[in-house]
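The values are calculated or read from the model by the stated rules, or taken from the named source; none is laboratory data. Source: prediction; values computed, not measured. Every residue, glycine among them, receives a Cβ derived from its backbone with ideal geometry; neighbour counts consider all protein chains shown.
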Amino acid sequence: MSVDPPATSRRLRDRLGARFTFLSDPGGLLLDALNIRHRGANEGSDIAFPTAILVDRWGSARWIYESETYRQRAEPETIFAAIRAMNTR
């Protein structure tokens with residue numbers, strides 16, 4: 001999820017060769033609903049705090065990682081461990 005316009009997100013996805021959809025929230029409505037908007041963090045512009053949410057097949061959030069700074073991200077192994085834990089229940 002990004003506050004970037006959809007065209008900007010598409011260009012980034014294409015440049016990275018990513019095979020998944022980048023979600024765009026230019027108005028920040030979802031960021032506000034999730035309380036993950038980092039106001040003024042990007043040279044005065046708002047961005048999202050890095051957040052990872054693992055959702056099960058029924059649409060329930062089963063694991064959430066929330067950062068306190070835009071520079072901090074969940075480590076891949078932490079996310080993979082959360083996925084494995086979801087699959088053992």
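Points worth noting:
- Index of the failed condition, Ile53 passing every other in (1) farther than 27 Å from Pro5 by Cβ; (2) surrounded by 12 or more Cβ atoms within 10 Å (Cβ to Cβ): (1)
- The residues of the stretch 32-46 that are part of a strand (DSSP E or B) and of a type in the set (A, V, I, L, M, F, W, C) amount to a single one, Ala41.
- Among the residues of the stretch 47-75, those that are modelled with pLDDT of 85 or more and not in a loop (DSSP other than H, G, I, E, B) comprise Thr51, Ala52, Ile53, Leu54, Val55, Ala61, Arg62, Trp63, Ile64, Tyr65, Glu66.
- Each residue in the stretch 53-71 was checked for being touching a helix residue (DSSP H, G or I) at 6+ places or on another chain (Cβ under 6 Å) and touching a residue at least 24 places away in the same chain (Cβ under 8 Å), and 2 pass.
- Looking across the stretch 30-46, the residues that are surrounded by 16 or more Cβ atoms within 10 Å (Cβ to Cβ) and either in the same structural domain as Glu68 (by TED's automatic domain parsing) or over 11 Å from Thr69 (Cα atoms) (or both) come down to Leu31, Leu34.
- Single unsatisfied condition, Thr21 versus (1) at pLDDT 85 or above; (2) loosely packed, with under 12 Cβ neighbours inside 10 Å: (1)
- Selection count where residues are modelled with pLDDT of 90 or more and among the hydrophobic types (A, V, I, L, M, F, W, C), scope the stretch 31-46: 1
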